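Below: the structure, in structure tokens.
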Amino acid sequence: MRSRWLSWQRLSSLRTRLSLGFLLATFIACTAFAVATHEVVDVIQDKIMRETLARELDMLAAQQRAGMTLVTQTLASRRVYVSAHPDHDPALPPVLDKINQGHYRTVRLHGHTFSASRIDTVRGSIFLMINIDTVAALKYRLIQLGWMTLAATIVLALLLAFVFSSVILRPVHRLADRLTATQPGQAHTPISAGYADKDLARIARSFDALVARFDAAIAREKAFTEDASHELRTPLAVTAGAVELLAGMDNLDTRAQQRVARAQEGCARMARLISALLFLAREQGGGASDHSDAARVVGDVLSYQQAALAERRIEAVVETEATPLAVPDGVIYSVLHNLIENAIRHTRDGQLFVQVSPERIRIRDTGSGMSAETQAHVFARRYRSANSPGLGLGLYLVYRICERQGWSIALTSREQVGTTFDIRLDGAV
């Protein structure tokens, strides 16, 4: 199936279609010319043979009327047969039985080809056969020459098609290369500059207009991201400062202290989330300071989820190695938090396995698992299964981060058995 698809893909290229079109047009033209030439030759041959046989038979009939006695002739170039009763004459060759007066036919006799005709007189019938072996051989050679010419023309057509398609597509390839090198949001020379061809210039101008719209959209998104981050971080900093002051008060009871601690964790999580979103919004990666250790972040996530693990009676099994990643702390926190939170949400009285190493991040649970339909859409934005209380953004954010960093994420799940998320980090560590 794949080989068929690849064959069709090669056939659907513009160069292939141009070459096939040129070749097909050449083949049709050559075939039409060959057929027309063959028909013309047949018509001319028919006319010449008909007139020659008629003239020769008229001469033989005139000689007979003049009193000359005609006898059978069996020369190599011609044969003459005279019969008073042609319908019952055993001396006549059988090939002459169906020849009528005024008509001629091509017949084979003793390994030779003849054009034969007949004229009736008062004294019987005269049959004339003219040897056309030379004409038949010439016709055969002409046919051979025609096929050889057709084959040579097809080869020449292929070469010309390749050359012409290269010449025609050269500006198209140059346009494609310039489009590939163009990055929205970055300064670049208009693509339409330098195209004399009206059609290509029109396409290039359309792309210039499209890139300009992209640039405007990216500029608006950057401005919004910067403004939103500033507006979010300011009240978040105020809230975090107020919570920190509350945490330092001595007159808080145990319940209040627990709530203040949860508020501090929530502020820290919000700060990490803002960091992750800003990282995704930037076109390029962060600076040298944007590094984190996934093994350390796992501990922060599990500490935040400790109450949920205890409530749902889940045993956490953790295996970690030092895994430095070139991403901000908040980015890897968002990945681990969303995957672990998803596992806890769908598991009760089970186990949660967390493995972090320089090669992979693996989160496995023994929860309810996912249906085939859910697995097909689980990374889609705002997708929610029937038993999911979230907004459908957590796993979508995980997928976006993995895609941005070049990590591969795989999902395996069986209903009532559990789910495993496997992120390969090999190329990113």
Residue in the stretch 62-70 that is over 30 Å from T149 (Cα atoms), surrounded by 11 or more Cβ atoms within 10 Å (Cβ to Cβ) and either of a type in the set (D, E) or touching a residue at least 60 places away in the same chain (Cβ under 8 Å) (or both) present = yes
Boolean, T106 is open to solvent by less than 80 Å² (accessible area, probe 1.4 Å) and modelled with pLDDT of 85 or more = no
Matching option when the condition is surrounded by 12 or more Cβ atoms within 10 Å (Cβ to Cβ) and more than 14 Å from T26 (Cα to Cα), among I168, I154 | I168
Could you list all residues from the stretch 83-96 that are surrounded by 10 or more Cβ atoms within 10 Å (Cβ to Cβ) and free of Cβ contacts under 8 Å to residues at least 24 places away in the same chain?
-> D89, P93, V95
Failed item in (1) modelled with pLDDT of 85 or more; (2) over 21 Å from A308 (Cβ atoms), with V356 passing the rest = (2)
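Collect the residues in the stretch 317-333 that are open to solvent by 50 Å² or more (accessible area, probe 1.4 Å) and not aliphatic (A, V, I, L, M), keeping them in residue-number order.
E319, T320, E321, P324
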Of the residues T106, T149, which single one is closer than 21 Å to L75 by Cβ and either touching a Ser or Thr at 6+ places or on another chain (Cβ under 6 Å) or in a helix (DSSP H, G or I) (or both)?
-> T106
Keeping to the stretch 409-429, report how many residues are under 17 Å from L325 (Cβ atoms) and in contact with a helix residue (DSSP H, G or I) (Cβ under 7 Å, 6 or more places away or on another chain).
-> 4
Taking the stretch 398-416 on its own, how many of its residues are outside any helix (DSSP H, G or I) and either open to solvent by 80 Å² or more (accessible area, probe 1.4 Å) or at pLDDT below 90 (or both)?
-> 5
Pairs returned, first residue in the stretch 245-271 that is surrounded by 14 or more Cβ atoms within 10 Å (Cβ to Cβ), second residue that is in a loop (DSSP other than H, G, I, E, B), beta-carbon separation under 8 angstrom, 6 or more apart or interchain, are L246/L252; V260/L252
Does any residue in the stretch 116-140 that is more than 17 Å from Y81 (Cβ to Cβ) and free of Cβ contacts under 8 Å to residues at least 24 places away in the same chain come within less than 6 Å, Cβ to Cβ, of a residue that is open to solvent by 30 Å² or more (accessible area, probe 1.4 Å) and of a type in the set (V, I, T) six or more places away or on a different chain, and which pairs are these?
-> none
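For (1) β-branched (V, I, T); (2) open to solvent by 70 Å² or more (accessible area, probe 1.4 Å), each residue gets a yes or a no:
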{"site": "A307", "(1), (2)": "no, no"}
{"site": "E315", "(1), (2)": "no, yes"}
{"site": "V335", "(1), (2)": "yes, no"}
{"site": "E341", "(1), (2)": "no, no"}
{"site": "S357", "(1), (2)": "no, no"}
{"site": "R362", "(1), (2)": "no, yes"}
{"site": "A376", "(1), (2)": "no, yes"}
{"site": "G394", "(1), (2)": "no, no"}
Would you confirm whether any residue within the stretch 18-39 is loosely packed, with under 14 Cβ neighbours inside 10 Å, assigned to a helix (DSSP H, G or I), at pLDDT 80 or above and of a type in the set (D, E)?
-> yes
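The values are calculated or read from the model by the stated rules, or taken from the named source; none is laboratory data. The shown structure was predicted, so the numbers you read here are calculated from the model rather than taken from an experiment. Please note: Cβ atoms are built from the backbone with ideal geometry, for glycine as well, and neighbour counts cover all protein chains shown. In case anyone asks, the SASA skips ligands and DNA or RNA and just uses the protein heavy atoms, side chains included. Shrake-Rupley method; radii C 1.70, N 1.55, O 1.52, S 1.80 Å.
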